[in-house]
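Reading through the C-alpha cells given below for one structure.
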Amino acid sequence: MDGEYRVIREHNRSYDEGVRFRCGEPVEVGRRDTRWSSWLWCTTTSGTGAWVPEQLLKISDQTKAVVTTDYHSRELTVKPGDLVTGTQVLAGWIWCRNAHNDEGWVPLENLRPAGN
C-alpha cells in the first residue's frame with residue numbers, strides 16, 4: 001500500500017503525542033476498541049497507554065502481552081485535499097507522512113490513491 005494518497009475526509013489526532021512501544025516490551029492489555037475491533041488499549045510498565053493493533057502483540061493471557069515489533073501510536077491530523085505518502089497499513093489505518101514531514105496514523109477510509 002506504499003504510495004501517494006489524497007485525503008477525502010478530515011482526521012484529527014486523538015492525543016497530542018503518541019506512545020512509543022519497543023519490540024519485546026511487556027504491556028498490560030485493556031479494552032478492545034468498539035469501532036476498530038483489531039485495536040487493543042495497552043499500557044506500558046511506566047503507566048502510559050495507547051491503542052495497539054492486535055497483530056503486533058503476542059498475547060499470553062487476557063491482560064498480558066508482549067509487543068512483537070517497534071510501534072508508535074502517533075496519529076496525523078489531515079484535512080480534505082491534503083496529499084500524504086502512506087507506507088504501512090495496520091488494521092484499517094495507514095502510517096503517513098505529509099508535505100511538512102509530519103508522520104502518524106490515518107484511517108485508511110479517509111484516503112484515496114492520489115491517481116483516482
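Here is how the numbers come out for the structure above:
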{"quantity": "Complete set of residues in region 76-94 that are within 10 Å of GLY104 (Cα to Cα) and not in a strand (DSSP E or B)", "calculated": "LEU76, THR77"}
{"quantity": "Members of region 31-53 found to be surrounded by 13 or more Cβ atoms within 10 Å (Cβ to Cβ) and outside any loop (DSSP other than H, G, I, E, B), listed by number", "calculated": "ARG32, TRP39, LEU40, TRP41, CYS42, THR43, GLY49, ALA50, TRP51, VAL52, PRO53"}
{"quantity": "Test: residue in region 3-10 that is small (Gly, Ala, Ser), in contact with a Gly (Cβ under 7 Å, 6 or more places away or on another chain), without any contact (Cβ under 8 Å) to a residue 60 or more places away in the chain and under 20 Å from LEU108 (Cα atoms)", "calculated": "no"}
{"quantity": "Residue ID - surrounded by the fewest Cβ atoms within 10 Å (Cβ to Cβ), chosen from residues in region 59-111 that are under 25 Å from THR45 (Cα atoms) and of a type in the set (D, E, K, R)", "calculated": "ASP61"}
{"quantity": "Odd one out for ASP61 among (1) acidic (Asp, Glu); (2) over 18 Å from ARG112 (Cβ atoms); (3) in contact (Cβ under 8 Å) with a residue 24 or more places away in the chain", "calculated": "(3)"}
{"quantity": "Residue list for region 1-38, restricted to those being in contact with a helix residue (DSSP H, G or I) (Cβ under 7 Å, 6 or more places away or on another chain) and within 21 Å of VAL84 (Cβ to Cβ)", "calculated": "VAL7, ILE8, ARG9, HIS11"}
{"quantity": "Filter result for the condition that a residue is among the hydrophobic types (A, V, I, L, M, F, W, C) and at positive phi, over ALA91, ALA65", "calculated": "ALA91"}
{"quantity": "Number of the exception - THR87 against (1) under 17 Å from the mean Cα position of the chain (by Cα); (2) under 22 Å from GLU25 (Cα atoms); (3) of a type outside the set (Lys, Arg)", "calculated": "(2)"}
{"quantity": "For ARG31: the one exception among (1) in contact with a Ser or Thr (Cβ under 6 Å, 6 or more places away or on another chain); (2) of a type in the set (Lys, Arg); (3) without any contact (Cβ under 8 Å) to a residue 40 or more places away in the chain", "calculated": "(1)"}
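Bear in mind that the values in this text are calculations on the coordinates, not laboratory data. Just so it is clear, the model here is predicted, and its values are computed rather than measured. Ideal geometry is used to build each Cβ from the backbone, glycine not excepted, and the neighbour counts take in all protein chains shown.
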